[in-house]
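Input: a single structure, listed below in structure tokens.
The values are calculated or read from the model by the stated rules, or taken from the named source; none is laboratory data. It should be emphasised that the depicted structure is a prediction, and the values quoted were computed from it without experimental measurement. Every residue, glycine as well, gets a Cβ built from its backbone with ideal geometry; the counts of neighbours run over all protein chains shown.
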């Protein structure tokens, strides 16, 4: 079955405090929403629709994310997200709160597994604490906890029945389980997780950061490549052709910078280098565009559950001048990798006229990539 995802991020989250909505506040070195999006991407859900407040429609997000403007209520925002999905291409949809950045992969997998047979499924945790009724700050009574669960997300549904359920619902539902049940859809309870907390109050940020830092698997890789000059009218660097009186010699397009970036990702995964995956002895890679190699490395990382946190690439040459083209190169790498441009650095230096680069015999490049799995 084809499973899509909707991340609801249109709220303002004022109870969490801060100068901006909680989904855009920093958490363990990133924004809350970045952690949430990466958790959904790591599960292999696609497409991913992020429902945004109308004022947030231009906020930076990965290029593969579908943006939709939300409504005045949660259920209105979900309806907007559902409208962005093609029923001919999507069977199931998982709806997740952006404020749950610590969702473990087994929770997502449990919902998807239940949808193989059920029309709807959602994670929950049995209530284990005693429940009181309060009045004026004092205990006014005790409520039974038998059969009670703490609701979590992502909540999963067959797309067609959920569309019909939302169309028939008058609005005002607390979550999509309420909408589904109002339409007579049975919802299977799957296993939730204590770490799948929802950031609601200021103190929740510290709890979430502790969880994320404790479960992060960080990989660091580096790449290095060299290509000599040959006859030509330009060099390919980071997917951008830069006019020059020479070209770079190589089996593919000889994009020395993109090769270094690709090898950095392979290195972080302990997957060797480009030559292992695309042997130069194979004629099909003759004159191939190097974005093929980089896309493969990015997809391999995602298949292992890793998100690329940032990339730093340095190009070493006397000529051509890199500075005027660095922005375009940064944008092209962002387009290929799905990262926001602010997570990609492209810069250049010379070797002070020493060595083969100093003699203008070729170009070298080094790159570092940081991968994280949560």
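Residues in the stretch 220-234 that are out of contact with any helix residue (DSSP H, G or I) (no Cβ under 8 Å at 6 or more places or on another chain) and buried (at least 16 other Cβ atoms within 10 Å of the Cβ): 229 only.
Name the strands (runs of 3 or more DSSP E) wholly inside the stretch 145-264 in which the number of residues that are in contact with a strand residue (DSSP E or B) (Cβ under 7 Å, 6 or more places away or on another chain) and under 24 Å from residue 27 (Cβ atoms) is 2 or more. Walk me through how you get there before you give the answer.
Numbers: elements: 149-151, 155-158, 188-191, 217-231, 234-237, 240-243, 246-248.
Answer list for the stretch 145-264: 149-151, 217-231.
Restricting 260, 301, 268 to those that are surrounded by 18 or more Cβ atoms within 10 Å (Cβ to Cβ), modelled with pLDDT under 95 and within 23 Å of the chain's Cα centre (by Cα) reduces the list to 301. Restricting attention to the stretch 1-54, the residues being closer than 24 Å to residue 111 by Cα, in a helix (DSSP H, G or I) and over 15 Å from the mean Cα position of the chain (by Cα) number 0. If you go through the stretch 4-22 and keep only what is under 17 Å from residue 175 (Cβ atoms) and in contact with a strand residue (DSSP E or B) (Cβ under 6 Å, 6 or more places away or on another chain), you end up with 5, 6, 7, 8, 9, 10.
Does residue 142 satisfy the criteria of being without any contact (Cβ under 8 Å) to a residue 60 or more places away in the chain, surrounded by 15 or more Cβ atoms within 10 Å (Cβ to Cβ) and on the phi < 0 side of the Ramachandran plot? No: the conditions fail for residue 142. Scanning the stretch 334-374 for residues that are under 17 Å from residue 254 (Cβ atoms) and either out of contact with any helix residue (DSSP H, G or I) (no Cβ under 7 Å at 6 or more places or on another chain) or not assigned by TED's automatic domain parsing to the domain that holds residue 311 (or both) returns 356, 357, 360, 361.
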